[in-house]
Structure formats: C-alpha cells, structure tokens
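Take a look at the structure set out below.
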Amino acid sequence: MSDLLLTILLPISSFLISIYALLLWIIRILGFVRRIPNSAILLPPAAPGSLGDEAMVCASTDYLKQQGIENFCLIDHTNNQTYPIDVMENINLRNFFIYQTWYKFIFSFIYAGWKVNQYERFYSLGADIMDGYYSNYYTFKTVKIAEIASFLGLSTGILGFSCNRQPTNISKQLLSTLQSNVRLNARDKISYQRLIDSIDHPVNLVADLAFLLKPAEQSDKLAQVLEWVNTQKSQNKIILGINIHGLLLKNLEGITVNDLVQVLAETITKLHQENRQLSFIFLPHDRRKINGVNDDILSKKVIESLPSEVASSCFKIPFPCLAREIKAIVKHIDCVLTGRMHLGIACLGQGTPIACITYQGKFEGLYQHFNLEPLFIEPKKLFVPNQNELVELVHKLIDKRQSLHEQVISKIDGVKELSRANFTSII
C-alpha cells in the first residue's frame, strides 16, 4: 500500500473505526458479549523468530501474572508459529498483517475488533516498528488496532518502543492522532526526546520490557553450555560472547556476508594471538533468515573460517533455544560483543558488560540508562582497510569489564523499575 494512499486513509479510517467501535459497544452493553475478567490481549511486534521479541512477550506475561492478570490472548501474525507462553486463545490475523486482498484485510480487522471487545486490556509491544523505518503500512496497522481498543474502553498502551533519527511523516501523524488515553512509552531517553519533538501526544519514558524477563532455572541446553563455561573458568579463561547478524550489512553497498565473516574471523584470530586466555562463545539471537543466513549460520561460518588452534577455543550455543536460556547463560560470561540490542539487554540485566556493533541508532539510549561510556562501533567501520577499531573496542571492553560490571549492577534496579513503568495506569 502506497504512502499516498495511507495518508488519505488516516482520517477516513479513524472515522470508520469509531463507528464500528460504537456498534461493538452497543453489542456489549446489550449483553451479547461479556468481557473476560483479569484479561489482556498482547500484540507482538512480529511473528516468532527473534529472541528479543520473545523476551518482551514473555517478560510482559511474567509481570502481568504477578499483578493478577490470568487470561491472555496473543495476536498471531502467521498460521503456524506462536510464542512460548500459556494463553487462553490465539487470534490469527495473518490476512491483516500480510495484505493479500482488500476484503480479507477488512474482514480480518472486523474479526480483530470483535475479539478485542472481549478483553479488558490491550498491549502492543512497540519495539522498533513504530517509527515507520521498516514499513509505514505495518505501523498503520498496529496503531489502528490500538485505536479500536481505546475506543472500546480497554486500558491501552503501545509499550517500550524506540524512535530512530528520522521517523516517517506517516508514523508521526499516526501517533499524534491516537486518543490521549493511549499510553505511548519510549524505551530510552533519546527516543523519548525524538518523540516529544515530533508528535503531538503525551509520551512516557520507560525501559525495555525485556529487562523484566526471568532467566531459565534449568534445561538440557543450559546444562550443556554451563559445562563448557565451567571448564573454561577452571582454566582461568576470560569468556567473550559474540553475536553477529545480517542486518549489519544493510545499506553497505558492495559488502557481502562473506566479508562480514572474514572480518570477524580475523578479529577473533588477532584477539586470540594477543591474549591466549580468551575463549569465545557464539550467541545466536534470531533464527529468521536474511538472504539465506541467520545468526546461527553466520556463527558457524565464522568458526569454520578460523585456524584450528583458535577454533578450539570457541563454542557455539545449541540453537534454537529460548530467550530465558540465553539470559541464564550470559550471567556466566565475562563480557559480550553483540550486534543485537536485546542480547545486550539480556546481558545488562545480568550484570554482564557489553560492546556493540550498532545499527539504526539502537544502542545509544540503552547505554544512557546505565550512565555507561558508549562502547560501540558502526558496521561500516568494520570494513575500513588496515584498521583495527573492532579489536581495540574489544580490548577496551575486556580491560574495563570489572568496573563496567559494577556500574551496571548499581543501576539495574532503577532500570527494572522503569521497565515496570510500561504498565503504569493501564493495568
């Protein structure tokens, strides 16, 4: 759907939604529909695949259960995938999120409104989809479901989302026209200020929902990883976690996956040569494939590209695994180099310091929550010939790991309180 058509649809859609919401309200008042007590609908940011999205979904239900919310409904983006939480029902809105024909889209939205009318609360996990960066159309659809929930009187919020440097005009219009009782929560100070400057709607400063995720207590995969970790620690090794992914190559013309693999392999080899006490654990955090590769495949490619003596100091966690298992694992790692923000959140939530290969301006606000010195590098700098900026960044991380750990620990309680603030006034 074109941006021009979306612009035309904005006022029309709001009017039609208000009419439909009035009809649904009358149906409920007449007793044909009853609200499920202690209930909430959750709209994840995407179909399952990202452990970051999984962490937000699971953390939300963890917290809401503590507040007495017992009955959950999860909106599904696809037919055959769902998140690892217990729910009363799943609402399949594939025809709404994956546009095929106009009539399927409309009927799917009508169905969504009917189901929303049966619940007391609606929470959209905004993540990184609310600024139009990936798709104005997707932002439009997310806002419109929140809009009908608000019209129907549900406690409604778009939780823990970020805003990049240049939010699209359509995304700004969409957020500005939401009812004032829809709670908009920016998950870092930078996003908060960008939203304050660009939309006409109250905004609240919070922290990412994933900070509330409970780590796994035990599992076969966790036991397997901890056996390797404990072996390394018995040899006084420094354990460095590593995560890379294909999105780091976005907008880098002429750079291939093989180039990324080569840079990481050369970096790890150099680090190993300079410090034989280093061991490396690869931490895939997203099973979705981009151009045929995902985090797990990239990790394997890097290990296969290493000299045998370096590869023998490497370990890749069993994958796929759960976000809870990752959070349990990173507690036992000395420090982590990550390209995934939610892996960074899992680490910081356990007191493990991080350095980041950043993209889309995602990490700066995260560092501010902890008053940390920003340790990050832009992807394009990885490929500058005869430069060792990534090696220098990792050395800095390793050298400062203890002081960074202490700083994170001193701030984590306050950050978790900000994470819980996502639900202020809408439980």
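The values are calculated or read from the model by the stated rules, or taken from the named source; none is laboratory data. Model, not experiment: these values are computed from the prediction. Cβ placement follows ideal geometry from the backbone for every residue including glycine, while neighbour counts extend to all protein chains displayed.
Looking at TYR123 and the list (1) more than 23 Å from the chain's Cα centre (by Cα); (2) of a type outside the set (Val, Ile, Thr); (3) farther than 21 Å from PRO11 by Cα, which single condition is not satisfied?
For TYR123, the failing item is (1).
So which residues in region 250-266 are assigned to a helix (DSSP H, G or I) and surrounded by fewer than 20 Cβ atoms within 10 Å (Cβ to Cβ), if there are any at all?
VAL257, ASN258, ASP259, GLN262, VAL263, ALA265, GLU266, listed by residue number.
Could you look through region 211-227, keep only residues that are in a loop (DSSP other than H, G, I, E, B) and surrounded by 15 or more Cβ atoms within 10 Å (Cβ to Cβ), and pick out the one that is farthest from the chain's Cα centre (by Cα)?
Going through the qualifying residues, I end up with SER219.
Mind telling me which of the residues CYS347, CYS314, CYS356 ends up being more than 22 Å from GLY49 (Cα to Cα) and either modelled with pLDDT under 95 or not aliphatic (A, V, I, L, M) (or both)?
Selected residue: CYS314, the only one of CYS347, CYS314, CYS356 that is more than 22 Å from GLY49 (Cα to Cα) and either modelled with pLDDT under 95 or not aliphatic (A, V, I, L, M) (or both).
Can you name the residue in region 68-88 that is in a strand (DSSP E or B) and in contact with a Lys or Arg (Cβ under 8 Å, 6 or more places away or on another chain) and, of all such residues, is nearest to ALA46 (Cα to Cα)?
Filtering region 68-88 for residues that are in a strand (DSSP E or B) and in contact with a Lys or Arg (Cβ under 8 Å, 6 or more places away or on another chain), the one nearest to ALA46 (Cα to Cα) comes out as ASP76.
ILE106 passes all but one of (1) more than 29 Å from CYS321 (Cα to Cα); (2) assigned to a strand (DSSP E or B); (3) of a type in the set (A, V, I, L, M); which number fails?
Checking ILE106 against (1) more than 29 Å from CYS321 (Cα to Cα); (2) assigned to a strand (DSSP E or B); (3) of a type in the set (A, V, I, L, M), the one that fails is (2).
All but one of (1) more than 22 Å from LEU348 (Cα to Cα); (2) in contact (Cβ under 8 Å) with a residue 24 or more places away in the chain hold for SER234, so report the exception by its number.
The failed condition is (2).
Could you run through region 182-207 and say how many residues are without any contact (Cβ under 8 Å) to a residue 40 or more places away in the chain, more than 13 Å from GLY157 (Cα to Cα) and of a type in the set (A, V, I, L, M)?
3
Within region 342-366, can you find the residues that are under 20 Å from LEU125 (Cβ atoms), part of a helix (DSSP H, G or I) and touching a residue at least 24 places away in the same chain (Cβ under 8 Å)?
Listed by number, the residues that qualify are HIS342, LEU343, ILE345, ALA346, LEU348, GLY349, GLY365, LEU366.
For region 12-34, name all the residues that are under 20 Å from LYS172 (Cβ atoms), surrounded by 11 or more Cβ atoms within 10 Å (Cβ to Cβ) and not polar (S, T, N, Q).
Answer for region 12-34, where residues must be under 20 Å from LYS172 (Cβ atoms), surrounded by 11 or more Cβ atoms within 10 Å (Cβ to Cβ) and not polar (S, T, N, Q): just ILE17.
In region 48-67, which residues are assigned to a loop (DSSP other than H, G, I, E, B), under 20 Å from ILE326 (Cα atoms) and in contact (Cβ under 8 Å) with a residue 40 or more places away in the chain?
Hit for region 48-67 is GLY49, nothing else.
Kindly indicate whether any position in region 94-117 is under 26 Å from LYS214 (Cβ atoms) and either buried (at least 19 other Cβ atoms within 10 Å of the Cβ) or touching a strand residue (DSSP E or B) at 6+ places or on another chain (Cβ under 7 Å) (or both).
no
Which number in (1) assigned to a helix (DSSP H, G or I); (2) on the phi > 0 side of the Ramachandran plot marks the one condition that ASN371 misses?
Evaluating ASN371 over (1) assigned to a helix (DSSP H, G or I); (2) on the phi > 0 side of the Ramachandran plot leaves (1) as the failure.
Of all the residues that make up region 231-245, how many are under 28 Å from the mean Cα position of the chain (by Cα) and of a type in the set (Gly, Ala, Ser)?
1
Could you tell me which of the residues GLY132, GLY160 is assigned to a loop (DSSP other than H, G, I, E, B) and assigned by TED's automatic domain parsing to the domain that holds MET56?
Unique residue meeting the criteria: GLY132.
Somewhere in region 367-382, is a residue modelled with pLDDT of 95 or more, in contact with a Lys or Arg (Cβ under 8 Å, 6 or more places away or on another chain), surrounded by fewer than 17 Cβ atoms within 10 Å (Cβ to Cβ) and more than 30 Å from THR156 (Cβ to Cβ)?
The answer is yes; a qualifying residue exists.
Within region 77-93, can you find the residues that are at pLDDT 90 or above, closer than 19 Å to ALA59 by Cα and in contact with a strand residue (DSSP E or B) (Cβ under 9 Å, 6 or more places away or on another chain)?
TYR83, ILE85, ASP86, VAL87, MET88, GLU89, ASN90 - these are the residues of region 77-93 that are at pLDDT 90 or above, closer than 19 Å to ALA59 by Cα and in contact with a strand residue (DSSP E or B) (Cβ under 9 Å, 6 or more places away or on another chain).
Of the conditions (1) under 25 Å from LEU418 (Cα atoms); (2) at pLDDT 95 or above, ASN164 satisfies every one except a single condition; which number is it?
(2)
Could you please find all residues in region 194-243 being out of contact with any Cys (no Cβ under 8 Å at 6 or more places or on another chain), under 30 Å from GLY132 (Cα atoms) and of a type in the set (Gly, Ala, Ser)?
ALA207, ALA210 - these are the residues of region 194-243 that are out of contact with any Cys (no Cβ under 8 Å at 6 or more places or on another chain), under 30 Å from GLY132 (Cα atoms) and of a type in the set (Gly, Ala, Ser).
Can you name the number of the only condition in (1) part of a helix (DSSP H, G or I); (2) under 24 Å from GLU89 (Cα atoms) that SER18 fails?
Unmet for SER18, out of (1) part of a helix (DSSP H, G or I); (2) under 24 Å from GLU89 (Cα atoms): (2).
I'm trying to understand the selection: among the residues of region 21-33, which are without any contact (Cβ under 8 Å) to a residue 60 or more places away in the chain, in a helix (DSSP H, G or I) and either outside the structural domain of PHE107 (by TED's automatic domain parsing) or more than 22 Å from LEU178 (Cβ to Cβ) (or both)?
Correct list: ILE26, ILE29.
Could you grab me the full set of residues in region 169-210 that are among the β-branched types (Val, Ile, Thr), surrounded by fewer than 17 Cβ atoms within 10 Å (Cβ to Cβ) and in contact with an Asp or Glu (Cβ under 7 Å, 6 or more places away or on another chain)?
none
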